[in-house]
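Heads up: the structure comes next, in C-alpha cells.
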Amino acid sequence: MLLTGRTAVLTGASGGIGAAMAQALSDAGVRLLLVGRRAPALQALVAQLGAQHQALVADVTTDEGRAAVQHACAALPQGLDLLINNAGISEFGAFDTQPQALVEEQITTNLLAPMLLTQALLPALRRAPRGLIVNVGSALGSLGYPGYAAYAASKFGLRGFSEALRRELADSAVGVLYLAPRATATAINSERVMALNSALGNATDAPEVVAQALLRQLREERPYLAVGRPERLFARLNVLLPGLIDRAIRRQLPTIRRFLSD
C-alpha cells in the first residue's frame, strides 16, 4: 500500500510503541486519528506531529469509547483507510496467584476490544478503495511462555482472529495483517520483566524498531510479520516440535520462577 495521503486510526497512541508508530506513520504521510486514554500524552503527540492529526481521548475497552471512535471516523472528510489496533497491556505473574480482574483486563484489552472496534469500523473501511486492519500482537501469540498465561491467551486469540477475518474478507477490498513484536523497551514491561529478559539473554527492541516493521508490513501488505529472527524460528519449532520447546523452557524455569516470586 502507498501510505502517503492515507487516513488511519491508531489505538494505544499514548504508549511507547504507539507514539513511535505515530511518528513513523506521520513521517510517511499518513493522517492520524490518535486514540488513547491519557489526554496530556495525546495532546503532546499532536503538538509534536502537526495539526493535520487529531487526538481522541477514549477507552476502547468500553462501549462508549468505541462509539466515540466510530463517531470520529464518520466525521473524517477523507474517510478511513487504516485501523491499527495497538492498544494492549501485559501482566507478568504466576497464573495461580494472578487476580481475576487482571486476567479479565488482559483478555478484554488485548482481544475483545480490538475485535469489537474492528467490527464497528469495518463499514468505513469497506468504503475505502483499499482498507487495511493491523492487529498488533506479540511473539507470545505464537509461543506460550511461563508467567504470561493470560497475556499469551489474549495474543493467541488475536492472531487467530486476524487469520480468520483475513480469510473471511479475502474477496473484499479490506485486508487484515498481524504484527508480532518481541520484547520492547516500553512501560508495558516492568523492571522485573526487563531484568528477566536480561538474565535469559532475550533481545529487547526499541519502539522505533517495531514502528519501522509496521511501515514495512503496510507497504508490502504482509499478512504476518514477526519481529526478530530467533523468535520467528521458535514460533515455527513450537508448531513442528513443541516438545523441543517444552524442554528448552523447562530448563529456564528456575530463573523464571525467581523473577515470578520477586
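The values are calculated or read from the model by the stated rules, or taken from the named source; none is laboratory data. The shown structure was predicted, so the numbers you read here are calculated from the model rather than taken from an experiment. Cβ placement follows ideal geometry from the backbone for every residue including glycine, while neighbour counts extend to all protein chains displayed.
Would you check if residue 124 is among the hydrophobic types (A, V, I, L, M, F, W, C), more than 20 Å from residue 187 (Cα to Cα) and touching a helix residue (DSSP H, G or I) at 6+ places or on another chain (Cβ under 6 Å)? If you could, list the steps in order and put the result at the bottom.
Details: among the hydrophobic types (A, V, I, L, M, F, W, C): yes; more than 20 Å from residue 187 (Cα to Cα): yes; touching a helix residue (DSSP H, G or I) at 6+ places or on another chain (Cβ under 6 Å): yes.
So residue 124 passes the test.
Spot the failing condition for residue 110; the list is (1) out of contact with any Leu (no Cβ under 7 Å at 6 or more places or on another chain); (2) among the polar types (S, T, N, Q); (3) closer than 30 Å to residue 253 by Cα, and only one is missed.
The failed condition is (1).
Residues are listed down the side, and each one gets a yes or a no for (1) in contact with a Phe, Trp or Tyr (Cβ under 7 Å, 6 or more places away or on another chain); (2) charged (D, E, K, R); (3) in contact (Cβ under 8 Å) with a residue 60 or more places away in the chain; (4) closer than 30 Å to residue 130 by Cβ:
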site: 178; (1), (2), (3), (4): yes, no, no, yes
site: 190; (1), (2), (3), (4): yes, no, yes, no
site: 199; (1), (2), (3), (4): no, no, yes, no
site: 214; (1), (2), (3), (4): no, no, yes, yes
site: 219; (1), (2), (3), (4): no, yes, yes, yes
site: 226; (1), (2), (3), (4): no, no, yes, yes
site: 232; (1), (2), (3), (4): no, yes, no, yes
site: 241; (1), (2), (3), (4): no, no, no, no
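Looking only at the stretch 116-158, which residues are in contact with a strand residue (DSSP E or B) (Cβ under 9 Å, 6 or more places away or on another chain) and either surrounded by fewer than 21 Cβ atoms within 10 Å (Cβ to Cβ) or of a type in the set (Asp, Glu) (or both)?
Of everything in the stretch 116-158, those that are in contact with a strand residue (DSSP E or B) (Cβ under 9 Å, 6 or more places away or on another chain) and either surrounded by fewer than 21 Cβ atoms within 10 Å (Cβ to Cβ) or of a type in the set (Asp, Glu) (or both) turn out to be 118, 122, 124, 126, 128, 130.
So which of 140, 121, 102, 111 ends up being more than 12 Å from the chain's Cα centre (by Cα) and under 23 Å from residue 210 (Cβ atoms)? Before the answer, list the steps.
Working: 140 fails: more than 12 Å from the chain's Cα centre (by Cα); 102 fails: under 23 Å from residue 210 (Cβ atoms); 111 fails: more than 12 Å from the chain's Cα centre (by Cα).
The unique qualifying residue is 121.
So which residues in the stretch 126-149 are assigned to a loop (DSSP other than H, G, I, E, B) and aliphatic (A, V, I, L, M)?
128, 143
Of the residues that sit in the stretch 219-248 and are in contact with a Lys or Arg (Cβ under 8 Å, 6 or more places away or on another chain) and small (Gly, Ala, Ser), which one is surrounded by the fewest Cβ atoms within 10 Å (Cβ to Cβ)?
Checked the stretch 219-248; the qualifying residue surrounded by the fewest Cβ atoms within 10 Å (Cβ to Cβ) is 228.
Scan (1) in a helix (DSSP H, G or I); (2) touching an Asp or Glu at 6+ places or on another chain (Cβ under 7 Å) for the single condition residue 182 breaks and write down its number.
Answer for residue 182: the failing condition is (1).
Give just the number: which of (1) more than 29 Å from residue 139 (Cβ to Cβ); (2) of a type outside the set (Ser, Thr, Tyr); (3) modelled with pLDDT under 95 does residue 16 not satisfy?
(1)
Need pairs with beta-carbon distance below 7 Å; first residue closer than 13 Å to residue 217 by Cβ and within the stretch 77-90, second buried (at least 20 other Cβ atoms within 10 Å of the Cβ) and aromatic (Phe, Trp, Tyr); sequence gap 6+ or separate chains.
Within 7 Å, no pair qualifies.
So, in the stretch 168-220, of the ones that are modelled with pLDDT under 95 and hydroxyl-bearing (Ser, Thr, Tyr), which residue ends up farthest from residue 144 (Cα to Cα)?
186
Of 102, 125, 83, 111, which residue is in contact with a Phe, Trp or Tyr (Cβ under 8 Å, 6 or more places away or on another chain) and modelled with pLDDT of 95 or more? Spell out the reasoning first.
Numbers: 102 fails: in contact with a Phe, Trp or Tyr (Cβ under 8 Å, 6 or more places away or on another chain); 125 fails: in contact with a Phe, Trp or Tyr (Cβ under 8 Å, 6 or more places away or on another chain); 83 fails: in contact with a Phe, Trp or Tyr (Cβ under 8 Å, 6 or more places away or on another chain).
111 is the lone residue from the list that is in contact with a Phe, Trp or Tyr (Cβ under 8 Å, 6 or more places away or on another chain) and modelled with pLDDT of 95 or more.
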